[in-house]
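The values are calculated or read from the model by the stated rules, or taken from the named source; none is laboratory data. Keep in mind it's a predicted model, so treat the numbers as computed, not measured. Methodologically, a virtual Cβ is constructed for each residue, glycine included, from the backbone with ideal geometry; neighbour enumeration extends over all protein chains shown.
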Amino acid sequence: MITRSTAILASTDVQQTVDFYCNTLGFKQHWLWEDPPTFAAVGLGEIEIFLQLNPQLAARVEGHSHFFHINDLDTLHAKHVAAGASIISPLENKPWNVREYTVRDINGYHLRFGGPLKYERPPSATDSLPAYINLDVRMPSLEEYVDLCASVGWARHRPSMQDALDHTLVGVVATDTREQEAVGMVRATGDGRYYMLWDVIVKPPYQGQKIGTAMVDAALAEMRKRGAPQGAFVGLFTPKYGFYERLGFKKDLGMHMAL
């Protein structure tokens, strides 16, 4: 069984590369091999990478990437900025649901530092649910479900989606009454004690307008109305920790709360 993986990056000058990783990126030198060094190890937190003298390969690595998962991304980013690191992609929420930035090292590798998404208030954000948005405690139709998933780029497989709807306990649909169009949904499954929220979707033009919050609140209220006891487990899986933490969920392997 594989228990560990260590990247080996090519270098034109191992000592200079070690100095860059330590002085600019905040890594620690673990060891050097030979004098002058032809091989080395540096680490940051729980990870370690190897640096190998290979000028011919290093001359061709421009743009090759390596990704680092970081817990305190903003703090590390601030340190890299202050140290003058060459940041070639800014710190921001990326479309692939990761908040990250990219640093170019002195050999041309693109080092991508990433972590959980961070809520960024969109220009269209409102402080209250718009009057033209109506919430209904009902199951979305299959066509509404497909349309909503398509709007956020999620995969659609009609048979499995219909099966999901058939086994859903509570559904909430947000409708733009001006267009009579479903613009959001959430569904919940459960057995009376343990519940899961699924498919919390708001169409992109409507995001930031309290629709997601209102739908989740409505789903939780309906679960209580149907007899969910105090302290019942409610979980979900999401990369958007900040949004759900504001609703009372706690970060774990996924997110959960007690009703």
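Observations on the structure shown:
- Failed item in (1) part of a loop (DSSP other than H, G, I, E, B); (2) at pLDDT 95 or above, with residue 231 passing the rest: (2)
- Residues (out of contact with any helix residue (DSSP H, G or I) (no Cβ under 8 Å at 6 or more places or on another chain) and under 16 Å from residue 70 (Cβ atoms)) located in the range 12-43: 21, 43
Every residue, every condition in (1) assigned to a loop (DSSP other than H, G, I, E, B); (2) within 22 Å of residue 122 (Cβ to Cβ), yes or no:
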| site | (1), (2) |
| --- | --- |
| 165 | no, no |
| 186 | no, yes |
| 192 | yes, no |
| 195 | no, no |
| 212 | no, yes |
| 221 | no, no |
| 227 | yes, no |
| 235 | no, no |
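- Qualifying residue in the range 22-34 (condition: touching a Ser or Thr at 6+ places or on another chain (Cβ under 6 Å) and either basic (Lys, Arg) or under 20 Å from residue 101 (Cα atoms) (or both)): no
- Pairs where the first residue, in the range 1-28, is more than 19 Å from residue 86 (Cβ to Cβ) and the second is among the small types (Gly, Ala, Ser) and in a strand (DSSP E or B), C-beta under 9 Å, 6+ apart: 6/41; 14/40; 15/40; 28/43
- Yes/no for residue 253 being at pLDDT below 95 and surrounded by fewer than 20 Cβ atoms within 10 Å (Cβ to Cβ): yes
- Some residue of the range 213-224 being charged (D, E, K, R) and either in contact with a Pro (Cβ under 9 Å, 6 or more places away or on another chain) or crowded, with 18+ Cβ neighbours inside 10 Å (or both): no
So that you can scan it fast, the table gives a plain yes or no per residue for (1) over 26 Å from residue 25 (Cα atoms); (2) not in a loop (DSSP other than H, G, I, E, B):
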residue: 90; (1), (2): no, yes
residue: 95; (1), (2): no, no
residue: 101; (1), (2): no, yes
residue: 117; (1), (2): no, no
residue: 125; (1), (2): yes, no
residue: 129; (1), (2): yes, no
residue: 150; (1), (2): yes, yes
residue: 168; (1), (2): yes, no
residue: 171; (1), (2): yes, yes
